[in-house]
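K.L.:
Shown below is the structure under consideration.
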Amino acid sequence: MSTSVFGQPSRLDPESARGIVSALGIDVDAARARLLTGGVSSVVVAIDGARAVVVKQALAHLDVATVWEADPSRSQTEVAALHLFHSITPNHVPDVLASVPDRHVIVMERAPRGWRDWRAVLLARPGPADVDRGRALGRIVGSWHAATWKDDRLRSAFDRETAFDQLRLDPFHRELIRRGVVSADVLAPLIDQLAHTRECVVHGDLSPKNVLVGDPGMWVIDAEVAHFGAAVFDVAFLVAHLAVKSFHLPDSSHVLRAVAHAFREGYEEANPQRVTAGDIVRHAAAIMAARVHGKSPAAYLGASEAALVASTAREALGAPDPEFEMLWNATDRRDRR
Ligand SMILES: Nc1ncnc2c1ncn2[C@@H]1O[C@H](COP(=O)(O)OP(=O)(O)OP(=O)(O)O)[C@@H](O)[C@H]1O
Ligand SMILES: [Mg+2]
């Protein structure tokens, strides 16, 4: 068994999660505790008692096929970011109830019963409700960026370059260069921009998997990569995830594109004129390539779908002035010619 360079306290399980929660004085009388699946970088236990909570522990080894380690103290970043985002949009981020820093554990409100993660909803079949959700999500994220824009106090509180490097720039962008998928000439300016821009508090992991949706209702979770950085990253990350899905669901490509447009419009309403279309497309294309050839590939893509995503992303990265329309499923593009 390999050992991590980061010390890891004992791994959370349903029993120890119940113990932590009752030690914190949160009433778990007659509570049931069970492991939730879905995360690759954490253990998450759901507890149903007098109050529904989840207990999340950050892992040092990420559950992906290749070696990928990350400092579990990123859990404290998540606590700070969830508090901050909750203060800006209280209806769209769970309240953190407590944390145990030396075990890298957070206790937070649990989403209402019946809510699902947005990725599962989109993969089942995206529809008009998802266009509305895209717009709502754009407004939420735009309002975080606008509320934290160039705030020097937050700039020092969220100066978390290491986690962003370990969890994004290295496994995504630099891995593409190491594997010879995209040249360093093309990616270096994008890496530089993401590493050095200091605009606002960026969520850093804005994928549909980290958006929980009800009917109605929306929460954004999983803020452990939050940092004071480039606003375009959050916008491009979500657009890239929607675009990649359009290769898996070609019949729904037009709906996914409409979701992305609505997301950009919602974002622009809340945080106007701060990210450019060209930047969104270039960064989204790099993230799309990484979703195929990086350390955390999209699990649902078949081989031919993955090849199309990668060639589309490379085409967009190579274009002098790439357009938003270039990112979407090639079959659909042929139809529109
Ligand atoms: N507050 C919550 N309420 C309900 N479910 C939650 C909550 N937090 C987490 N979950 C569930 O646990 C899963 C994993 O949580 P989270 O995304 O925070 O962890 P992670 O391991 O960092 O994930 P990732 O795979 O994105 O790295 C979520 O996809 C969701 O299904
Ligand atoms: Mg997650």
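K.L.:
Test Gly138 against the criterion of being surrounded by fewer than 19 Cβ atoms within 10 Å (Cβ to Cβ) and of a type in the set (Gly, Ala, Ser), and give yes or no.
P.N.:
Here the answer is no, as Gly138 does not meet what is asked.
Conditions tested, residue by residue: (1) over 25 Å from Trp115 (Cα atoms); (2) assigned by TED's automatic domain parsing to the domain that holds His104; (3) within 19 Å of the chain's Cα centre (by Cα).
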position	(1), (2), (3)
Phe237	no, no, yes
His241	no, no, yes
Ala262	no, no, yes
Gly266	no, no, yes
Gly278	yes, no, no
His283	yes, no, yes
Ala298	no, no, yes
Leu301	no, no, yes
Ala306	yes, no, no
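K.L.:
Can you run down the residue pairs with Cβ atoms below 9 Å, 6 or more apart or on separate chains, where the first is in region 30-42 and modelled with pLDDT under 70 and the partner is within 7 Å of ligand 1 (Cβ to nearest atom)?
P.N.:
Thr37/Val44; Gly38/Val44; Gly38/Asp117; Gly38/Lys209; Gly39/Lys56; Gly39/Lys209; Gly39/Asp222
Yes or no, residue by residue, for (1) open to solvent by less than 10 Å² (accessible area, probe 1.4 Å); (2) touching a Ser or Thr at 6+ places or on another chain (Cβ under 8 Å):
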| site | (1), (2) |
| --- | --- |
| Val211 | yes, no |
| Trp219 | no, no |
| Gly229 | yes, yes |
| Val235 | yes, no |
| Pro250 | no, yes |
| Ser253 | yes, yes |
| Arg274 | no, no |
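K.L.:
Going by what's in this entry, would Val96 be described as open to solvent by less than 20 Å² (accessible area, probe 1.4 Å), farther than 25 Å from Lys245 by Cβ and away from ligand 1 (no atom under 11 Å from the Cβ)?
P.N.:
So Val96 does not fit the description; no.
K.L.:
What's the number of the only condition in (1) modelled with pLDDT of 95 or more; (2) open to solvent by 20 Å² or more (accessible area, probe 1.4 Å) that His61 fails to meet?
P.N.:
(1)
K.L.:
A follow-up question, please. Quick check on region 159-177: of everything there that is more than 18 Å from Pro72 (Cβ to Cβ) and open to solvent by less than 10 Å² (accessible area, probe 1.4 Å), which residue is farthest from the chain's Cα centre (by Cα)?
P.N.:
So the residue we want is Leu176.
K.L.:
Hand me the list of helices (runs of 4 or more DSSP H) wholly inside region 238-337 holding 1 or more residues that are β-branched (Val, Ile, Thr) and within 20 Å of Ser207 (Cα to Cα).
P.N.:
The helices (runs of 4 or more DSSP H) meeting that bar are 253-270, 277-293, 303-318.
The values are calculated or read from the model by the stated rules, or taken from the named source; none is laboratory data. Remember, predicted model here, so these are calculated numbers, not experimental data. Note: ideal-geometry Cβ built from the backbone for every residue, glycine included; neighbour counts use all protein chains shown. Areas reflect the complete protein model, heavy atoms only, side chains present, ligands, DNA and RNA absent. Shrake-Rupley method; radii C 1.70, N 1.55, O 1.52, S 1.80 Å.
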